[in-house]
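Scroll down for the structure; my scribbles are underneath it.
The values are calculated or read from the model by the stated rules, or taken from the named source; none is laboratory data. In this text, all values refer to a predicted model and were calculated from it rather than measured experimentally. A quick note on method: Cβ atoms are made from the backbone with ideal geometry, for glycine too, and the neighbour counts reach across all protein chains shown. The accessibility values were calculated without ligands, DNA or RNA, using every heavy atom of the protein model including side chains. Shrake-Rupley method; radii C 1.70, N 1.55, O 1.52, S 1.80 Å.
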Amino acid sequence: MVDKLVHINRVAKVVKGGKRFGFAALVVVGDQKGRVGFGHGKAREVPEAIRKATDAAKRALIRVNLRDGRTLHHDVNGHHGAGKVVLRAAPAGTGIIAGGPMRAVFETVGVQDVVAKSFGSSNPYNMVRATFDALKSQDNPRAVAARRGIKVSTLQARRRNTDVDASAEG
């Protein structure tokens with residue numbers, strides 16, 4: 001399991017003797033083979049907050065379908081609150097083109113080629129949750145073919161035909 005610290009937030013509570021500081025950590029955990037989760041932990045010390053966040057992330061793992069173990073099957077949108085993200089599948093060799101919090105998610109899930117853009121909120125919590133929303137709606141061709149009651153090869157052939165038609169028109 002690989003874990004990445006995305007964000008640490010320091011909050012202060014003013015008390016009689018001065019200020020009491022607390023810390024909140026956002027951590028993303030993944031196995032780089034399609035499983036990923038994120039967690040949020042709060043404590044009075046940074047290491048304890050990170051440990052709590054890591055434990056929460058390990059309890060909340062989701063499975064993401066990847067094409068060839070390196071990119072997404074299709075383009076997808078996600079949102080959470082005011083944070084919106086667009087994730088696009090990319091050809092081999094593109095790399096991870098994404099902002100900070102999204103980059104951490106892609107590195108831990110095992111995506112090697114993706115183009116992503118975030119709109120609206122730049123709050124790391126909203127960006128991570130919006131990215132997870134997008135990844136959850138990712139479908140693989142086998143699931144789509146089963147849902148529609150056709151063979152995967154038929155689905156792939158139709159996709160290739162529409163790609164050829166689109167390139168001929170353009």
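Observations, loosely collected:
- Simple Cβ-charge dipole of the chain, Lys/Arg +1 and Asp/Glu -1, about Cα centre, in debye nearest 20: 760
- Relative contact order for the chain: 19 percent, from Cα pairs under 8 Å spaced at least 6 residues apart, divided by residue count.
- All C-alpha pair distances within the range 80-119, sorted into 10 Å bins from zero, spread as 30, 57, 12, 1 percent across the bins.
- For Ile62, nonlocal amide neighbours, meaning residues 5 or more places apart or on other chains whose placed amide H falls under 5 Å from its own, are Val36, Gly37.
- Rounded accessible area per residue of the chain, 1.4 Å, Å²: 58
- For the chain, the 222 nm mean residue ellipticity estimated from helices alone, with every DSSP H stretch of n ≥ 4 adding -39500 (n - 2.57) and the total spread over all residues, rounds to -11500 deg cm²/dmol.
- Percent carbon-and-sulfur accessible area, the chain, ignoring ligands, DNA and RNA, probe 1.4 Å: 50
- Over the C-alpha atoms of the chain, the Rg to Rh ratio, Rh being the Kirkwood estimate, stands at 1.10.
- Among the listed pairs Lys4/Lys58; Lys58/Lys117; Lys33/Lys136; Lys19/Lys42; Lys52/Lys117, those beyond 24 Å (Cα-Cα): Lys58/Lys117; Lys52/Lys117
- Scalar couplings 3J(HN,Hα) for the range 8-22, obtained by applying the Karplus form with A = 6.51, B = -1.76, C = 1.60 to θ = phi - 60°, are 10, 10, 9, 10, 10, 10, 7, 10, 4, x, x, 10, 9, 9, x Hz; x denotes Gly and Pro.
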